[in-house]
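Before any comments, here is the structure.
What follows is calculated from the coordinates using simple rules that are stated; it is not laboratory data. All values reported here derive from a predicted model rather than from experimental measurement. Cβ: placed from backbone, ideal geometry, glycine included. Neighbour counts: every protein chain shown.
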2 protein chains.
Amino acid sequence: MAFETKAIIATFGGKLLKLSHQSTSTGTPMAVNLYLPPAALPGAKVPVLIYLSGLTCTPENCSEKGFFQAHAARRGLALVYPDTSPRGADLPGEADSWDFGAGAGFYVDATRAPWSAHYRMETYISSELPAALFSAFADTLDGERVSITGHSMGGHGALTLYLKNPGKYRSVSAFAPIANPSRCPWGEKAFSGYLGAEDREEWKKHDATELVKGWKGGDLKALVDVGTGDNFYMQGQLLPENFEKAVKEAGVEGLVLRYQPDYDHSYYFMSSFAGDHVDHAAKYLFA
Amino acid sequence: MAFETKAIIATFGGKLLKLSHQSTSTGTPMAVNLYLPPAALPGAKVPVLIYLSGLTCTPENCSEKGFFQAHAARRGLALVYPDTSPRGADLPGEADSWDFGAGAGFYVDATRAPWSAHYRMETYISSELPAALFSAFADTLDGERVSITGHSMGGHGALTLYLKNPGKYRSVSAFAPIANPSRCPWGEKAFSGYLGAEDREEWKKHDATELVKGWKGGDLKALVDVGTGDNFYMQGQLLPENFEKAVKEAGVEGLVLRYQPDYDHSYYFMSSFAGDHVDHAAKYLFA
């Protein structure tokens with residue numbers, strides 16, 4: 001499906017494109033930002049790092065505050081900033097909560113009405129959007145070299161899409177991921193609504209801490225940062241320790257989990273370590 | 001006057017302090033953000049770069065979107081992000097315009113009622129605030145090594161405070177400054193309100209393009225960036241060409257004026273060149 005270009009913004013020597021397209025997965029228009037680094041010259045395909053945002057965010061938040069562009073320009077990779085849910089589906093209660101519905105799609109395909117008609121963010125992010133981008137920007141983006149990262153809800157989205165699709169992404173990283181959503185209030189609310197409150201076996205298919213138990217993809221190539229001053233970490237919404245324990249018990253190698261002293265849950269945290277996460281992705285994208 | 005610390009945020013290895021204090025210049029509480037880089041260890045004083053924001057901004061905008069902290073951490077200097085006007089003075093019409101009154105103090109001391117009672121941003125920025133900070137953070141900030149920069153209205157504020165106070169600042173830089181406010185709509189509105197519509201001779205004392213004609217401070221040590229895709233530049237609000245002409249006609253050396261192709265007026269522009277401006281200041285602060 002063709003993209004409409006809403007704006008082209010010069011930044012860090014490259015271009016940030018604000019795009020919109022009609023999604024067949026969600027049945028709504030979807031906004032997405034694409035950063036093309038200076039290295040994305042005609043005929044020179046660059047690899048791609050997909051960034052999944054957290055609760056309440058649109059493509060703009062991390063584009064403005066994350067400073068991934070500085071590092072993507074330096075390393076020569078493109079960035080894709082999708083939205084966090086369909087917008088304008090006009091479902092009952094869609095806008096009532098900041099942690100469910102609009103802005104809170106959790107990167108799953110909902111199985112429960114009314115959400116299942118539109119909230120199909122897993123299919124959208126893992127299949128439809130990249131296919132559309134790699135078609136529309138065939139001369140610029142290298143669809144064979146893709147990594148994924150994200151923050152909070154999006155950090156979990158990155159981990160789960162990576163774990164569900166061995167080989168699709170060359171590496172994964174996450175900032176303050178909601179690492180075991182089946183066992184925290186945010187995740188329980190989202191999974192109850194999108195997947196059904198009673199079907200906890202189904203939840204396991206969408207929980208990184210459960211998914212990693214069955215991982216057969218070899219070295220995990222995963223970098224995770226969590227701030228020790230993050231209120232949501234302290235409140236038990238993130239549970240990176242559960243993920244780390246599951247990784248160890250499964251005998252999986254290749255998780256680097258770092259606790260960053262005093263850092264919070266905000267873009268002040270993310271922007272501080274964006275360079276490390278871009279370098280992590282670049283290590284595998286340019287291997 | 002003592003500062004109240006509203007928040008301490010870990011970022012780029014240092015700390016962003018959200019501060020508030022009661023200003024005698026404005027007669028109101030004033031918010032200010034202070035970034036202390038990792039080099040600001042006990043007993044190790046760091047030099048200071050003051051950043052003046054543009055119309056509508058608070059201390060938060062550039063703290064979140066400017067990317068200066070990354071470079072201040074790298075170079076070992078502190079950043080000061082003042083507010084752009086008094087807040088809560090409750091003057092008639094104060095909040096009616098986005099380009100006059102609250103959020104639009106223009107870094108002058110108003111001479112006209114009712115503004116003159118509170119809108120004394122020149123005194124606040126050039127004297128009261130630094131004195132208060134260098135007293136409260138005497139072990140950390142080096143009040144003898146200060147440079148100044150800013151964006152749009154704040155770019156002009158940086159240029160004028162620098163030109164009015166030879167020797168006070170070691171260097172100056174500006175992003176998309178309103179370089180000749182006497183001759184553009186933004187400046188005419190602000191100066192008419194704060195200084196009086198009829199007194200155009202008074203305006204010259206607060207206009208960088210006029211002030212530089214009398215500059216006797218030697219090499220200007222000034223870096224100015226303007227984006228060629230900046231709508232406000234194209235509309236004649238910035239007039240950097242007038243400033244450059246005045247500099248040349250005055251026989252003043254040391255202005256580096258760069259036109260950055262396609263860049264706009266936003267933080268996408270600023271963040272792209274924040275490193276150059278921090279390096280420009282560091283060149284003189286560490287000379």
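When the P(r) is computed for the protein assembly as shown, the part past 32 Å accounts for 50% of the Cα-Cα pairs. Plainly put, the tip 7 Å out from Cα toward Cβ on A:PRO166 is 7.4 nm from that tip on each other copy, the closest given first. Evaluating 6.51 cos²θ - 1.76 cosθ + 1.60 at θ = phi - 60° for every residue in segment B:111-116, the Karplus couplings come out as 10, 10, 5, x, 5, 4 Hz, glycine and proline recorded as x. Using Cβ point charges alone (K and R +1, D and E -1), the dipole size of the protein assembly as shown about the Cα centre works out to roughly 1220 debye.
Distant-in-sequence amide contacts of A:ILE50, defined by a placed amide H-H separation under 5 Å and a gap of 5 or more residues or a different chain, comprise A:VAL80, A:SER147, A:ILE148, A:THR149. Most simply put, chain A has about 50% antiparallel DSSP beta bridges, counting only bridges with both residues inside it. Highest average first, the peptides A:129-136, B:2-9 ordered by how many other beta carbon atoms sit within 10 Å of their residues are A:129-136, B:2-9. Cβ crowding within 10 Å ranks A:PHE12, A:PHE175, B:PHE243 as A:PHE12, B:PHE243, A:PHE175, fewest other Cβ atoms first. Across segment A:41-53, computed HN-Hα scalar couplings (Karplus, 6.51 cos²θ - 1.76 cosθ + 1.60, θ = phi - 60°) run 8, x, x, 9, 6, 10, x, 10, 10, 8, 10, 9, 7 Hz from first to last residue, x flagging Gly and Pro. Applying 0.36 nm per residue to the separation of A:PHE286 and A:SER20 and subtracting their alpha-carbon distance, the gain on full extension is 92.9 nm.
Within a straight-line Cα-Cα reach of under 18 Å, A:LYS6 can be paired with the following aspartates and glutamates, leaving aside sequence neighbours fewer than 8 residues apart in one chain: A:GLU60, A:GLU64, A:ASP83, B:ASP230, B:ASP262, B:ASP264. Amide hydrogen proximity for B:ASN33: with H placed 1.01 Å from N in the peptide plane, the residues at 5 or more positions away or on another chain lying under 5 Å are B:LEU19, B:TYR81.
Shown for A:TRP115, A:TRP215, B:TRP98: other C-beta atoms within 10 Å of each C-beta, ranked fewest to most, produce the order B:TRP98, A:TRP215, A:TRP115. Placing a label point 7 Å from Cα along the Cα-to-Cβ axis, A:ASN231 is separated from the same position in the other copies by 3.5 nm, shortest listed first.
Identify which of A:GLY227, A:GLY275, A:GLY236 has the largest mean-square fluctuation in a Gaussian network model of chain A, with springs joining Cα atoms closer than 10 Å. Answer for the Gaussian network model of chain A: A:GLY236. Separation of segment B:206-238 and segment B:26-76, taken as the distance between their Cα centroids, equals 23 angstrom.
About its Cα centre, the dipole of segment A:4-285 is roughly 740 debye, where the only charges are +1 on Lys and Arg Cβ and -1 on Asp and Glu Cβ. Could you tell me which of rounded, prolate or oblate describes segment A:192-287, using a ≥ b ≥ c as the square roots of the eigenvalues of the alpha-carbon gyration tensor, with rounded for a/c under 1.5 and, failing that, prolate when a/b is larger than b/c and oblate otherwise? Oblate, since a/c reaches 1.5 and b/c is not below a/b. Coupling constants for segment B:197-209 follow from the phi torsions by the Karplus curve (6.51 cos²θ - 1.76 cosθ + 1.60, θ = phi - 60°), and in residue order they are 5, 8, 9, 6, 5, 5, 4, 4, 6, 10, 10, 4, 5 Hz; glycine and proline get x. Among B:ASP83, B:ASP109, B:ASP276, A:ASP219, a tally of other beta-carbon atoms within 10 Å of each Cβ gives an order, fewest to most, of A:ASP219, B:ASP276, B:ASP109, B:ASP83.
Given only helices, namely DSSP H runs of n ≥ 4 each adding -39500 (n - 2.57), what is the per-residue ellipticity at 222 nm of chain B, to the nearest 500 deg cm²/dmol? Here the helix-only value at 222 nm equals -8500 deg cm²/dmol. Restriction of the GluC sites (Glu not before Pro) in segment A:180-287 to DSSP coil positions whose beta-carbon has at most 12 other beta-carbons within 10 angstrom yields A:GLU198, A:GLU253.
Per residue of A:55-67, other chain Cβ atoms within 10 Å of the residue Cβ number 2 on average.
By the rule of a C-alpha distance below 27 Å, with chain neighbours fewer than 8 residues away ignored, the lysines paired with B:LYS213 are B:LYS164, B:LYS168, B:LYS189, B:LYS204, B:LYS205, B:LYS221, B:LYS245, B:LYS248, B:LYS283. Run through segment B:171-252 and list the trypsin sites (Lys or Arg not before Pro) located in a DSSP loop whose Cβ has at most 14 other Cβ atoms within 10 Å. Qualifying residues, ordered by number: B:LYS205, B:LYS216. Distances between equivalent label points of A:SER135 across the copies, with each point positioned 7 Å along Cα→Cβ, amount to 6.7 nm, shortest listed first.
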